[in-house]
Amino acid sequence: MSKREFQTEVSQLLQLIIHSLYSHPEIFLRELISNSSDALDKLRHLTLVEDQYKALPFDPRIDLELDEENKILRIADTGIGMNEEDLVSHLGTIARSGTKNFLSQLSGDAKKDSNLIGQFGVGFYSVFMVADHVEVISRKAGEDKAWRWTSDGKTSFEIEPAERPVAGTTVIIHLNEEGKQYANSWQLKEIVKKYSNHIAFPIFLTYDKSEWNEADKKSVKTRTTEQINAASALWRRSKNELKDDDYKELYKSLTGGFEDPLFWFHTKAEGSLEYTTLFYIPSKAPLDLFQAEYKTGVKLYVKRVFIMDDAKEFLPQYLRFVRGIIDSEDLPLNVSREILQQNRVLTSIRSASVKKILSELKNIAENQPEQYQKFIAEYNRLLKEGLYGDFANRETLLELIRFKSTKAEGMTSLADVKARMKEGQKSIYYITGSAESLLRTSPLLEIYRKKDLEVLVLDDEIDEIVFANVEKYGDIDLKSVNKTSTDGDLKDESESGKAEEIKPLLEKVKGILGDRVKDVRASVRLADSPSCIVSDDEEPSMKMQQMLRAMGQ
Ligand code: ADP
Ligand code: MG
């Protein structure tokens with residue numbers, strides 16, 4: 001038997017999890033079942049595509065076994081299993097990059113933090129909220145040896161050889177004071193229904209069922225095994241069979257969270273390509289959205305078989321907040337990440353999906369403006385990113401994005417701005433910069449105010465670079481008031497000729513400012529202020545370019 005220390009971060013994490021999640025200890029079950037389901041997905045995939053696994057017996061299932069008297073709960077799966085090395089690296093260290101983020105984001109609010117646990121994948125350790133000590137007996141598919149990992153979740157764990165007749169993993173939980181409440185079949189059924197009902201594999205519960213025996217006039221206990229989840233690929237059912245609650249429940253089991261989604265779009269395509277997509281918009285933007293190592297949330301299935309998740313190919317980057325499922329009839333089961341990148345089927349599904357998501361959003365914008373406001377509050381910026389990269393959908397994105405403006409309260413659409421344009425107005429104007437209040441009082445706006453022209457106030461840091469590339473909304477020009485060029489809407493007959501008049505003054509100012517400016521020009525844009533600083537039309541904003549590059553655009 002060998003005793004080993006946990007990596008320091010694991011010990012820290014264990015303490016944090018145990019202390020911050022005390023009010024939701026039940027999520028341990030969700031986490032362990034999802035690990036089992038992942039392990040079954042992995043093995044199923046191998047048995048379909050790898051010759052050496054094809055011959056292995058594979059009866060995918062998850063078994064919960066309750067020993068009420070001794071307060072022991074076992075969770076067994078027939079999945080991929082772990083060998084000695086896997087046990088050490090998966091259950092003894094934190095190799096994942098997201099974990100540091102996780103540690104820094106724990107807030108002390110149990111509800112928020114338990115959502116984080118699912119997002120960052122530190123699920124296994126949640127078992128120590130309810131356990132005095134835990135045994136993991138595992139045998140990796142294709143190998144003969146089995147191993148027992150044991151730990152009290154404090155500072156160390158032990159590994160020794162063990163027996164297991166078939167490949168898979170059994171987690172044996174010796175319930176502690178807090179965990180004793182789960183030595184209860186009714187509780188276990190409720191929790192599984194709540195979080196794991198749509199796991200694609202059957203989950204069985206074995207327990208002592210009390211039944212009334214009419215002959216003896218007393219209740220007797222019989223050891224019983226029952227399937228306790230629906231195990232259906234719910235997204236493959238037709239829309240009219242599904243209730244809102246079904247969709248919400250599936251969403252929660254997909255994301256491991258507690259919140260309802262804001263919207264969902266369920267599509268079944270039956271043309272030259274056959275596929276089902278079910279996309280969800282989370283009601284709150286995922287926390288890692290603006291981190292380089294964000295997680296995506298769309299899972300790929302082929303004929304109901306889980307293939308992979310966290311692949312950035314399924315949707316364009318700006319839609320990285322979308323969660324859900326793509327289930328295709330046409331892709332091969334052994335499709336790899338490399339193949340996916342250029343796969344015609346996926347490319348078509350992807351572009352149809354983007355169009356679908358955007359058109360559904362447009363629908364909501366038109367028919368449920370209040371709901372749409374909630375969407376905008378979370379995702380407006382992501383739509384702007386799309387403007388930068390997704391030329392095919394630029395027009396739709398422009399319809400979807402909302403703007404602050406000198407003439408509207410709250411957020412306004414370009415369609416509304418267009419409707420407010422004055423007779424003969426040729427362009428829509430915007431000002432960019434970093435602080436809304438400075439923008440609203442900028443001298444650059446004086447002339448527009450004087451001429452009663454609306455100006456959009458673009459105060460998001462990405463606006464400048466994004467809108468530099470957007471020249472038109474329909475057939476109307478979009479123009480930045482920060483730039484040097486003047487425009488037909490501003491020119492005034494009486495002002496021409498003035499530039500000549502003040503030329504000596506311009507030369508003098510230029511002489512004084514020297515290298516600090518590129519040029520000093522006369523302008524018609526100011527009404528009351530004598531001068532202002534603007535950027536050159538062609539000058540790209542370096543900072544913005546760097547930023548977008550950093551986001552991987
Ligand atoms: P995550 O599931 O997000 O990777 P966990 O802490 O839940 O994080 O699990 C850590 C790792 O331990 C998993 O990635 C997996 O490699 C391994 N593991 C956990 N449970 C099982 C299981 N039942 N079968 C096989 N591997 C498992
Ligand atoms: Mg997990």
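Couple of notes before you dig in:
- Complete set of residues in the stretch 44-66 that are of a type outside the set (Ser, Thr, Tyr), touching a residue at least 24 places away in the same chain (Cβ under 8 Å) and over 14 Å from Leu32 (Cα atoms): Arg44, His45, Leu46, Leu48, Val49, Gln52, Leu56, Pro57, Pro60, Leu66
- Check on Ser272, exposed (fewer than 15 other Cβ atoms within 10 Å of the Cβ) and of a type in the set (S, T, N, Q): yes
- Odd one out for Ile376, checked against (1) more than 29 Å from the chain's Cα centre (by Cα); (2) free of Cβ contacts under 8 Å to residues at least 60 places away in the same chain: (1)
- Enumeration of residues in the stretch 254-274 that are of a type outside the set (Asp, Glu), part of a strand (DSSP E or B), touching an Asp or Glu at 6+ places or on another chain (Cβ under 6 Å) and farther than 23 Å from Ile376 by Cβ: none
- Criterion: within 14 Å of ligand 1 (Cβ to nearest atom) and closer than 19 Å to Leu87 by Cβ - qualifying residue of Leu64, Leu29, Leu40: Leu40
- Of residues in the stretch 110-135 being modelled with pLDDT under 65 and within 11 Å of ligand 1 (Cβ to nearest atom), the one farthest from the chain's Cα centre (by Cα): Val122
- Test result for Lys418, assigned to a helix (DSSP H, G or I), surrounded by fewer than 15 Cβ atoms within 10 Å (Cβ to Cβ) and over 29 Å from the mean Cα position of the chain (by Cα): yes
- Selection within the stretch 279-307 - surrounded by fewer than 19 Cβ atoms within 10 Å (Cβ to Cβ) and either assigned to a strand (DSSP E or B) or more than 9 Å from the chain's Cα centre (by Cα) (or both): Ser283, Lys284, Phe290, Gln291, Ala292, Glu293, Lys303, Arg304, Val305
- Helices (runs of 4 or more DSSP H) enclosed by the stretch 1-89 - at least 1 residues per element that are within 16 Å of ligand 2 (Cβ to nearest atom), surrounded by fewer than 19 Cβ atoms within 10 Å (Cβ to Cβ) and modelled with pLDDT of 85 or more: 27-49
- Residue that is farthest from Ser442 (Cα to Cα), among those in the stretch 393-406 that are surrounded by 15 or more Cβ atoms within 10 Å (Cβ to Cβ) and among the charged types (D, E, K, R): Arg394
- Residue in the stretch 197-217 that is among the acidic types (Asp, Glu), on the phi < 0 side of the Ramachandran plot and assigned to a strand (DSSP E or B) present: yes
- Residue within the stretch 383-402 that is of a type in the set (Lys, Arg) and within 24 Å of Thr255 (Cα to Cα) present: no
The values are calculated or read from the model by the stated rules, or taken from the named source; none is laboratory data. A quick note: this is a predicted structure, and the numbers were derived from the prediction, not measured. With ideal geometry, Cβ positions are generated from the backbone for all residues, glycine too; neighbour counts draw on all protein chains shown.
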